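J.: Sharing a structure below in structure tokens format, with a few things to ask.
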Amino acid sequence: VAAAVEGRTAQAADHYTAAWDGLAATAGQYGPQVRAVQRALLAEAVPVLLAAGRAADAERLLAAPAFDGGDPLDDGRIRLLRARTALARGDAPAARALLDAGIVVADLREGEEELSETWSAVAERLVAGDAEITDEVRATARAEHPLPARYDFLMRPDS
């Protein structure tokens, strides 16, 4: 966490990957709380991996089975991370499908913009394809893919 806070994203990504691998190797030692530990580590690690340009590693963590042997981790925060990872891997249609299916992030704080930012980034990539995202692309994306009210947690005027 300290490396990420200090802007050493690549190092933080390495630390999170090592922590994940360590948890996977020792999951049986955690008892019933391993599921909560796994979810917390995913919520912390995946954004750092994406910031470090390591979408394949993020996808690997998200694809891992639940360490407690139960149902796969699939709450709203995890689905949002899956959408962000799909976008980072270049699969905007898959990211959009996750958003269209509905994502409810129970621990989303008022004013947090991760959902709206993800929606906008997906819309822009769908409009631009492989081309550069310009102001014109952004305007077209906003017009063709307006932010659904269920994802609008903005606490500032839309610009």
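The values are calculated or read from the model by the stated rules, or taken from the named source; none is laboratory data. What you see is a predicted model, and the numbers here were worked out from it, not measured in a lab. Virtual Cβ from ideal backbone geometry, glycine too; neighbours counted across all protein chains shown.
J.: For region 100-135, which positions are small (Gly, Ala, Ser), surrounded by 11 or more Cβ atoms within 10 Å (Cβ to Cβ) and either assigned to a loop (DSSP other than H, G, I, E, B) or not assigned by TED's automatic domain parsing to the domain that holds LEU80 (or both)?
T.: Selection gives GLY102 alone.
J.: Under 25 Å from ALA121 (Cβ atoms) and assigned by TED's automatic domain parsing to the domain that holds TYR151: which single residue out of ALA51, ALA43, ALA88, ALA13 fits that description?
T.: Going through ALA51, ALA43, ALA88, ALA13 in turn, just one is under 25 Å from ALA121 (Cβ atoms) and assigned by TED's automatic domain parsing to the domain that holds TYR151: ALA88.
J.: Could you please give the count of residues in region 22-36 that are more than 16 Å from ASP107 (Cβ to Cβ) and surrounded by 16 or more Cβ atoms within 10 Å (Cβ to Cβ)? Please lay out each step first, then the result.
T.: Of region 22-36, the ones more than 16 Å from ASP107 (Cβ to Cβ) are 22-34.
Remaining after also requiring surrounded by 16 or more Cβ atoms within 10 Å (Cβ to Cβ): 23, 27, 34.
Going through region 22-36 one residue at a time, the tally reaches 3.
J.: Do we find that ARG84 is of a type in the set (D, E, K, R) and part of a loop (DSSP other than H, G, I, E, B) in this structure? Steps first, answer last, please.
T.: Numbers: of a type in the set (D, E, K, R): yes; part of a loop (DSSP other than H, G, I, E, B): no.
For ARG84, the condition - of a type in the set (D, E, K, R) and part of a loop (DSSP other than H, G, I, E, B) - is not met.
J.: What are the residues in region 56-74 that are within 14 Å of the chain's Cα centre (by Cα) and crowded, with 16+ Cβ neighbours inside 10 Å, if any?
T.: Residues satisfying the conditions are ASP57, ALA58, GLU59, LEU61, LEU62, LEU73.
J.: So if I check each of ARG96, ARG142, ARG138, which one is part of a helix (DSSP H, G or I), modelled with pLDDT of 95 or more and buried (at least 17 other Cβ atoms within 10 Å of the Cβ)? Give the steps one after another, and end with the answer.
T.: Values: ARG142 fails: buried (at least 17 other Cβ atoms within 10 Å of the Cβ); ARG138 fails: buried (at least 17 other Cβ atoms within 10 Å of the Cβ).
Sole residue among the options that is part of a helix (DSSP H, G or I), modelled with pLDDT of 95 or more and buried (at least 17 other Cβ atoms within 10 Å of the Cβ): ARG96.
J.: Taking the options ALA19, ALA45, name whichever one is part of a helix (DSSP H, G or I), buried (at least 17 other Cβ atoms within 10 Å of the Cβ) and among the aliphatic types (A, V, I, L, M).
T.: On inspection, the qualifying residue turns out to be ALA45.
J.: I would also like to ask the following. Can you confirm whether region 33-42 contains a residue that is of a type outside the set (A, V, I, L, M), in contact with a helix residue (DSSP H, G or I) (Cβ under 9 Å, 6 or more places away or on another chain) and either under 19 Å from GLY22 (Cα atoms) or part of a helix (DSSP H, G or I) (or both)?
T.: The answer is yes; a qualifying residue exists.
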